[in-house]
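One structure is given here, and the rest of the page talks about it.
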Amino acid sequence: MKAVSAEEGIAMIPHGATVMVGGFMGVGTPERLLDELVRQRKSQLTIIANDAAVPGRGIGKLFDASLVATITASHIGLNPKVQAQMMEKKLVVNLVPQGTLVERIRAGGCGLGGVLTPTGVGTIVEDGKQQIEIDGRHFLLETALRSQFALVHAFLADYLGNLSYALTARNFNPVMAMAADTVIVTAEHIVPVGVIAPDHVMTPAPLVDYLIANG
Amino acid sequence: MDPQTIIAKRVALELHPGNLVNLGIGIPTLVANYVPPGLNVFFQSENGLIGTVPIPEQGMAHPMLTDAGGRPISALPGASTFDSAMSFALIRGGHVDITVLGGLQVDAKGHLANWTIPGKMVPGMGGAMDLVSGAKRVIVAMQHAAKGKSKIVKRCSLPLTSLRPVDLVVTELAVIAFHDGRAWLQETAPGISVAQVLAVTEADLAVPDQVPEMAA
């Protein structure tokens with residue numbers, strides 16, 4: 001793990017990159033990194049996230065600045081700008097059931113090619129997907145998701161990069177921290193090694209590439 | 001009583017001690033208001049919490065403790081938090097006893113459509129498809145009709161949420177159960193006759209000999 005500034009962290013991300021962003025309706029989202037993406041105007045991004053938040057908050061800021069070309073998410077209904085950009089064909093939206101989305105990301109981080117889920121069988125979600133029958137039950141083959149970057153927000157990060165999360169701000173963060181080539185983390189508090197007890201580490205330090213320093 | 005209150009109170013009677021329950025947005029959220037204190041029902045919020053409860057008063061909100069809509073909530077003693085993979089493992093894995101969801105249409109076989117009106121409303125399915133596919137019991141809490149049109153239809157014209165039929169639909173007029181591939185009129189609301197329910201329901205309902213009045 002290396003400590004960098006938000007400016008340095010975001011400078012590593014090229015235009016057009018695929019980026020996972022932790023958070024759920026803006027809760028547990030690395031706001032400082034999103035602000036910096038907007039400031040450096042990284043555009044044509046492919047975003048993977050649970051939802052599109054709301055304008056002015058979390059991932060919503062990326063749509064305010066029209067920086068996203070494609071988003072894969074389970075819900076966009078509370079961000080009218082995303083709906084508008086989709087209708088104007090400026091933005092491609094891939095809607096994925098929430099449990100399938102997180103499990104595809106989990107698979108991507110766990111060395112699996114995909115998962116078999118009953119969710120979506122018999123609905124428009126099954127279009128174009130392989131179906132597999134096991135013991136008389138039907139499943140969709142949902143392929144794994146990975147990304148070049150994951151932007152993760154933790155509650156505590158120690159000097160090594162061990163992370164713990166708080167309350168409902170955990171959500172997609174630890175799963176995404178497994179599934180990207182480069183993991184960049186912001187934390188509410190940076191603390192000495194040992195403050196997070198081994199049993200309370202939710203993301204082990206070797207998974208974290210960059211921790212955004214206070215500054 | 002207004003329709004929403006009638007529905008929420010009746011659904012609350014379906015919750016039993018020890019149940020793990022997921023409440024959707026809208027009328028389902030109101031169900032928690034009518035659960036008797038001390039029933040020890042566990043409410044799950046799919047963004048990663050079992051043991052949700054409203055915040056005690058304004059000013060007690062924490063930015064890292066919200067429901068799935070991003071609104072502030074609190075956590076009961078004995079609550080637990082987890083990531084989204086665990087949350088949906090609970091949902092898809094059959095560990096959630098009851099999910100209560102809103103509905104746009106339910107058809108005669110119990111198929112639910114509740115996530116999109118193509119061309120008009122494309123919000124995304126969020127967790128709805130996983131909840132209907134995986135919860136042990138699926139209850140739909142919705143008004144009987146919208147703009148004068150029955151929401152209990154012969155066949156859903158809107159995209160389905162799941163092929164798995166729901167177990168129960170509670171409206172302000174009736175309780176309808178789905179089993180044996182059919183829709184059964186199980187109860188009618190106080191002051192509402194069987195004939196009145198049938199007259200405003202597009203789907204064919206099987207009517208047992210006895211149709212008791214909806215408890216509340």
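The values are calculated or read from the model by the stated rules, or taken from the named source; none is laboratory data. These numbers come from a predicted model, not from an experiment. Glycine gets a Cβ as well: all are built from the backbone with ideal geometry, and neighbour counts include every protein chain shown.
Scanning the range B:112-152 for residues that are over 23 Å from B:S84 (Cβ atoms) and among the small types (G, A, S) yields a total of 7. Annotation for the range B:176-198: no member residue is over 13 Å from B:A108 (Cα atoms) and in contact with a Lys or Arg (Cβ under 7 Å, 6 or more places away or on another chain). Scanning the range A:165-190 for residues that are within 11 Å of chain B (Cβ to nearest Cβ) and either more than 13 Å from the chain's Cα centre (by Cα) or crowded, with 24+ Cβ neighbours inside 10 Å (or both) yields a count of 14. Checked against (1) on the phi < 0 side of the Ramachandran plot; (2) at pLDDT below 95, B:D97 passes all but a single condition, namely (2). Being touching a Leu at 6+ places or on another chain (Cβ under 8 Å), on the phi < 0 side of the Ramachandran plot, away from chain B (no Cβ under 12 Å) and buried (at least 23 other Cβ atoms within 10 Å of the Cβ) is the requirement here; does A:L62 meet it? Answer is yes for this residue.
Screening A:V115, A:V121 for residues that are of a type in the set (A, V, I, L, M, F, W, C), surrounded by 17 or more Cβ atoms within 10 Å (Cβ to Cβ) and in contact with a helix residue (DSSP H, G or I) (Cβ under 6 Å, 6 or more places away or on another chain) leaves exactly one candidate, A:V115. The number of residues in the range A:16-35 that are surrounded by fewer than 22 Cβ atoms within 10 Å (Cβ to Cβ) and either farther than 24 Å from A:L167 by Cβ or of a type in the set (A, V, I, L, M) (or both) comes to 3.
Checked against the criterion of being without any contact (Cβ under 8 Å) to a residue 60 or more places away in the chain and under 28 Å from A:L45 (Cα atoms), the candidates A:A179, A:A187 yield just one match: A:A187. Taking the range B:88-122 as the range and being surrounded by 21 or more Cβ atoms within 10 Å (Cβ to Cβ) and basic (K, R) as the test, only B:R92 passes. Taking the listed residues A:V38, A:V54, the one that is facing chain B (nearest Cβ under 10 Å), modelled with pLDDT of 95 or more and in contact with a Leu (Cβ under 8 Å, 6 or more places away or on another chain) is A:V54, with no other qualifying. Test A:T123 against the stated conditions and say whether it is hydroxyl-bearing (S, T, Y) and over 19 Å from B:S87 (Cβ atoms). In short, yes.
Test B:F88 against the stated conditions and say whether it is facing another protein chain (nearest Cβ under 10 Å), in contact with a helix residue (DSSP H, G or I) (Cβ under 6 Å, 6 or more places away or on another chain) and either of a type in the set (A, V, I, L, M, F, W, C) or touching a residue at least 60 places away in the same chain (Cβ under 8 Å) (or both). Considered against the rule, which asks whether it is facing another protein chain (nearest Cβ under 10 Å), in contact with a helix residue (DSSP H, G or I) (Cβ under 6 Å, 6 or more places away or on another chain) and either of a type in the set (A, V, I, L, M, F, W, C) or touching a residue at least 60 places away in the same chain (Cβ under 8 Å) (or both), B:F88 comes out as yes. Does the range B:35-53 include one or more residues that are at pLDDT 95 or above, at negative phi and surrounded by fewer than 18 Cβ atoms within 10 Å (Cβ to Cβ)? For the range B:35-53, residues at pLDDT 95 or above, at negative phi and surrounded by fewer than 18 Cβ atoms within 10 Å (Cβ to Cβ): absent. Kindly indicate whether B:Q186 is buried (at least 18 other Cβ atoms within 10 Å of the Cβ) and either in contact (Cβ under 8 Å) with a residue 12 or more places away in the chain or of a type outside the set (A, V, I, L, M, F, W, C) (or both). Judged against the criteria, B:Q186 is a match.
If you check A:V82 against the conditions, is it at the interface with another protein chain (Cβ under 10 Å from one of its Cβ atoms), part of a strand (DSSP E or B) and under 14 Å from A:A52 (Cα atoms)? No; evaluated as a whole, the condition is false for this residue.
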